[in-house]
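A short worksheet on the structure shown next.
The values are calculated or read from the model by the stated rules, or taken from the named source; none is laboratory data. What you see is a predicted model, and the numbers here were worked out from it, not measured in a lab. A quick note on method: Cβ atoms are made from the backbone with ideal geometry, for glycine too, and the neighbour counts reach across all protein chains shown.
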Amino acid sequence: MILAFCVRGNDESLPLDERFGRSDKFCLVNSDSGDYLKIIANPMKEATGSAGIGAVQLLSDQDVQGIIAPHLGPKAEDARKDLDMKLWDQGDCKTVDDAFDSWKNGDLKPVADSDRPKGLFRA
Amino acid sequence: MQISIVSGKGGTGKTTLATRLFLSKGGSTLLDCDVEEPNAGIFLQVSWSGVETCNSQFPVINEELCTHCGVCASFCSFNAILSSRRATIPLAERCHDCGGCALVCPQKAISYAERGIGKIGRGRSNGGDFAYGSLNVGELSGVGIIRKLRDSYRDGLVWIDGPPGTACSAVAAVYDADFAVLVGEPTPFGVSDMAMAVEMLRNLHVPFGVVVNKAGIGNSEIYEFCQKENILILGEIPFDRSMAAEHAAGRVGFDSDERNELFAQLTGSILSAAGYAEVHV
């Protein structure tokens with residue numbers, strides 16, 4: 001499946017962003033082949049509201065089925081469930097490589113549908 | 001004639017002024033359009049006629065006609081419709097009731113249902129009508145309530161106690177008004193936010209004048225700003241701690257000849273600037 005990671009800045013090491021909805025960019029990876037497919041800018045970064053929902057829609061349009069991210073807010077959480085996308089918590093990983101490796105090893109915590117979303121509470 | 005009272009910065013004295021203008025002009029109408037925090041009624045004696053629910057519409061997708069083409073979702077400026085190849089999901093609370101999605105749907109698969117977003121209370125006070133709007137906690141937009149309020153009182157002299165700021169609700173309170181009174185506070189924050197309100201009023205082509213409330217505190221920036229921008233100052237309300245004390249007790253404070261005279265004059269200046277002509281039937 002296609003996975004999406006939240007990426008910040010322009011560094012080649014692809015450091016992870018601490019936000020989902022207002023993440024700088026997203027890196028899309030084909031989990032079956034291991035290919036890093038593309039990096040897309042996130043127009044929701046400057047959205048006046050519903051950045052999380054917009055980001056979910058953006059990824060859905062790219063056929064992303066799995067998201068690796070920091071906490072999602074409650075609206076983004078509902079949106080990704082509505083669109084049948086899986087979610088894993090990126091934990092302490094620092095780069096896309098780290099997170100992808102951890103994901104492959106089953107070390108990333110999946111966010112179950114029953115988990116209450118926490119969000120970043122940075123409003 | 002509809003005259004809106006706005007400010008930019010919160011707490012400058014819109015409700016203070018709006019209630020006194022209403023009381024100075026018996027038989028006029030006061031609409032409390034600060035729907036996130038309506039408080040004008042606290043200062044008035046109102047005989048209430050009733051409270052009604054205010055509704056907003058939201059899209060409903062007919063799954064039998066929907067092809068999940070996603071046109072509605074990409075049209076929506078408010079991210080109120082999610083779409084994937086297998087699902088089209090309207091998010092009712094995000095919908096701003098623009099009616100656009102139904103228009104763009106190629107399959108005509110969208111209709112609208114209603115949900116409550118707040119209420120309107122109506123009554124009589126001071127020989128005229130008083131009504132307020134109140135937005136439910138958690139709702140994004142009070143615009144629908146403000147429009148409904150303003151549409152239901154079009155006759156005679158109508159004072160509109162507007163919300164603070166210059167966002168959607170403030171715009172809804174001044175849009176197409178005959179005149180606006182900008183209540184300014186002579187402090188740096190007051191002037192800075194007032195500048196935004198001036199921009200809003202000019203963009204909306206609403207003629208306006210400024211009333212300086214709490215005159216005597218702060219600095220002279222507000223006068224310099226009005227002079228530079230060629231803005232009419234309709235009058236001033238001097239800062240008076242006892243007035244604030246009375247508000248805190250829920251009283252309007254019409255208790256001295258001096259104050260009554262001040263507000264009578266202010267009312268006159270505002271109506272004159274607004275071009276209000278009394279029609280005697």
Practice item. Examine the stretch A:23-40 for a residue that is out of contact with any Phe, Trp or Tyr (no Cβ under 8 Å at 6 or more places or on another chain) and within 14 Å of chain B (Cβ to nearest Cβ), and state whether such a residue exists. Key: no
Practice item. Taking the options B:Cys72, B:Cys33, B:Cys66, B:Cys54, name whichever one is within 23 Å of A:Lys81 (Cβ to Cβ), more than 14 Å from every other protein chain (Cβ to nearest Cβ) and either hydrophobic (A, V, I, L, M, F, W, C) or touching a strand residue (DSSP E or B) at 6+ places or on another chain (Cβ under 7 Å) (or both). Key: B:Cys66
**Study point:** Cross-chain or 6+ apart pairs with Cβ under 8 Å, the stretch B:248-275 first and part of a loop (DSSP other than H, G, I, E, B), then hydroxyl-bearing (Ser, Thr, Tyr)
**Key:** B:Val252/B:Thr19; B:Gly253/B:Ser242
Check your understanding: Is it true that some residue in the stretch A:103-111 is within 14 Å of another protein chain (Cβ to nearest Cβ), in contact (Cβ under 8 Å) with a residue 24 or more places away in the chain, aliphatic (A, V, I, L, M) and not in a strand (DSSP E or B)?
Key -> no
**Study point:** Failed item in (1) out of contact with any Gly (no Cβ under 9 Å at 6 or more places or on another chain); (2) crowded, with 21+ Cβ neighbours inside 10 Å, with A:Lys81 passing the rest
**Key:** (2)
Study note, to complete from the structure: The number of residues in the stretch B:83-135 that are buried (at least 16 other Cβ atoms within 10 Å of the Cβ), in contact with a Gly (Cβ under 7 Å, 6 or more places away or on another chain) and away from every other protein chain (no Cβ under 14 Å) is 13
Point to revise | Scope the stretch B:118-142; condition more than 26 Å from B:Arg20 (Cβ to Cβ) and either more than 20 Å from the chain's Cα centre (by Cα) or at pLDDT below 95 (or both); matching residues | key: B:Val137, B:Gly138, B:Glu139, B:Leu140, B:Ser141
Review point. For the stretch A:1-19, what are the residues that are over 14 Å from A:Asp98 (Cβ atoms) and of a type in the set (Val, Ile, Thr)?
Key: A:Ile2
Practice item. List the helices (runs of 4 or more DSSP H) that sit entirely inside the stretch B:1-118 and contain at least 1 residues that are of a type in the set (Phe, Trp, Tyr). Key: B:14-24, B:71-75
Point to revise | Every residue from the stretch B:235-270 that is crowded, with 17+ Cβ neighbours inside 10 Å, in contact with a Phe, Trp or Tyr (Cβ under 9 Å, 6 or more places away or on another chain) and of a type in the set (A, V, I, L, M, F, W, C) | key: B:Ile237, B:Val252, B:Phe263, B:Ile270
Point to revise | Unique match (being of a type in the set (Lys, Arg) and touching a Pro at 6+ places or on another chain (Cβ under 8 Å)) among A:Lys94, A:Lys75, A:Lys81, A:Lys38 | key: A:Lys94
